[in-house]
1. Give me the net charge for the shell around F64: Cβ to Cβ below 14 angstrom, other residues only, Lys and Arg +1, Asp and Glu -1.
2. Using θ = phi - 60° and the Karplus curve 6.51 cos²θ - 1.76 cosθ + 1.60, what whole-Hz ³J(HN,Hα) does each residue of the stretch 47-59 get, with Gly and Pro shown as x?
3. Determine the alpha carbon to alpha carbon distance for each of K94/K167; K129/K202; K99/K179; K20/K217; K12/K202; K12/K129 and list only those over 31 Å.
4. Could you pull out which residues in the stretch 151-179 have an amide N less than 14 Å from a spot 7 Å beyond the Cα of D16, following the Cα-Cβ vector?
5. Once you list every other residue whose beta carbon is under 12 Å from the beta carbon of A30, what net charge do they have if Lys and Arg are +1 and Asp and Glu are -1?
6. Where does the charge balance sit around P207 when Lys and Arg score +1, Asp and Glu -1, over other residues with C-beta under 11 Å from its C-beta?
7. So what's the angle, to the nearest 10 degrees on a 0 to 90 scale, between helix 128-139 and the longest Cα principal axis of the chain?
8. Note the angle between two axes, namely the Cα long axis of helix 165-175 and the longest principal axis of the Cα atoms of the chain, as a number of degrees from 0 to 90, rounded to the nearest 10.
Amino acid sequence: MAPRPSTSSELKRRADRIRKILNARYPEVAPALFYRSPFELLVATILSAQCTDLQVNRVTPGLFARFGSPIAFAAADLEEIEGLIHSTGFYKNKARNIKACSQALVERHAAQVPADMEALVRLPGVGRKTANVVLGAAFGIPGIVVDTHVARISARLGLTAHSDPEKIETDLMAVIPRKEWSAFSLRLIFFGREICAARKPKCPSCPVNDLCPYPDKTT
Ligand code: SF4
């Protein structure tokens with residue numbers, strides 16, 4: 001008789017089925033943020049905290065036209081940055097982080113964005129989420145990006161029992177093939193916007209409904 005599959009192998013098989021269904025539903029995924037370089041993506045991602053990608057994209061063309069490099073941002077007047085990013089919210093904090101991050105890039109990395117997680121998270125205003133966005137999209141280094149959509153949907157789908165982003169990241173890394181880490185995160189974000197919304201998820205039309213153990217599904 002074949003041995004009973006372990007809980008972890010069952011989980012992997014379920015994650016695999018979910019991954020394939022989302023791959024088919026969202027075949028082409030890319031960050032919705034506008035950027036032309038790793039540095040622009042880094043700044044745009046800092047700005048996207050508590051703000052929609054659409055609003056960030058309204059602000060960044062003017063911002064990057066005024067300040068085109070880490071050197072320019074490092075020397076910029078803080079109040080001028082604040083004025084340019086005001087509509088993204090938390091603008092004082094974001095302006096301070098962008099300027100300090102640019103200064104650190106100039107001082108430690110020859111004004112280049114490092115393609116390295118440890119170096120990135122040592123930059124002011126840069127956490128693992130931002131670092132994984134930049135590594136995945138600008139450098140092709142796979143990483144699980146844990147934003148609110150990814151955290152919520154991973155929990156509903158039973159892919160994690162944690163609420164701490166770093167632990168969620170580790171749980172997803174264990175069940176998703178490495179080369180798909182970045183794309184899987186983006187697919188969950190698209191899926192969260194379209195189907196598995198925070199309030200009133202569209203469970204009756206959800207393509208992974210039969211794989212989802214969430215106890216409060218809508219009917
Ligand atoms: S069944 Fe509902 S809760 Fe589960 S993943 Fe689908 S939309 Fe989300």
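1. Values: positive: R36, R58, R66; negative: E40, E80.
Local charge sum for F64: +1.
2. Going residue by residue, I get 5, 7, 4, 6, 8, 6, 4, 4, 5, 4, 5, 6, 8 Hz, with x marking Gly and Pro.
3. In this structure, K99/K179 exceed 31 Å between Cα atoms.
4. 175-178
5. On the way: positive: R187; negative: E28, D53.
Here the charged neighbours net out to -1.
6. Local net charge: +2.
7. 80
8. 50
Each reported figure results from applying straightforward, stated rules to the coordinates on display, with no laboratory input. Quick caveat: nothing in here was measured; it's all calculated off a predicted structure. Cβ atoms come from the backbone with ideal geometry, glycine included; neighbour counts cover every protein chain shown.
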